[in-house]
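Inspection log for the structure reproduced underneath, given as structure tokens.
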Amino acid sequence: MDNQELFPSQWFWKLIDSVCQDHDKMQEILNYLTQQELERFHKEFYNAVIDISGDDYCNIYNYGDSRMHDLAYWIVSQGESAYREVYDDPRQIPQIEDIDQSHSYIGLTEPVYATRFGKDIPL
């Protein structure tokens with residue numbers, strides 16, 4: 001498999017970068033995506049989080065799975081360069097106490113999808 005296939009798409013990163021870490025702007029963009037695009041965004045986001053949430057990452061600061069997932073959501077929300085830096089070297093993850101979690105898009109897609117389409121978003 002080509003390494004590019006391991007990473008979220010450029011379409012995904014353009015959406016992330018277009019809002020400059022603004023939670024409200026991201027929610028607004030998600031409201032304009034089609035159902036298929038919203039499902040794609042959700043899946044790519046989730047997969048990116050999983051990619052940087054394994055034991056190699058948890059073990060840096062002895063974070064449990066839940067805490068590492070929260071941190072991974074924040075890292076992905078910061079954009080492609082932050083994601084790739086951590087993906088390439090788990091020692092680059094910040095400590096969770098040093099981040100502003102209001103700049104995370106954790107949990108944004110689910111309520112938007114439920115409100116717009118009347119059901120839970122599939123993974």
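We did not get these values from a lab; they are worked out from the coordinates using the rules stated. What you are looking at is a predicted structure, and each value in this text was computed from that prediction instead of being measured. In this analysis, Cβ positions are derived from the backbone assuming ideal geometry, glycine residues included, and neighbour counts consider all displayed protein chains.
Taking each residue of the range 27-51 that is free of Cβ contacts under 8 Å to residues at least 40 places away in the same chain and looking for partners that are hydroxyl-bearing (S, T, Y) with beta-carbon atoms closer than 9 Å, six or more apart or interchain, yields I29/S18; R40/S9; E44/S9; V49/Y73. Exactly one residue among E37, E110, E97 is within 22 Å of Q10 (Cβ to Cβ) and of a type in the set (D, E), and that residue is E37.
Just to be sure, is M68 within 14 Å of F12 (Cβ to Cβ), in contact with a helix residue (DSSP H, G or I) (Cβ under 9 Å, 6 or more places away or on another chain) and aliphatic (A, V, I, L, M)? No, not satisfied. Residue count for the range 85-123 under the criterion of being small (G, A, S) and either surrounded by 13 or more Cβ atoms within 10 Å (Cβ to Cβ) or under 14 Å from the mean Cα position of the chain (by Cα) (or both): the result is 3.
Taking the criterion of being under 14 Å from G79 (Cβ atoms) and out of contact with any helix residue (DSSP H, G or I) (no Cβ under 6 Å at 6 or more places or on another chain), the residues of the range 24-44 that qualify are K25, M26.
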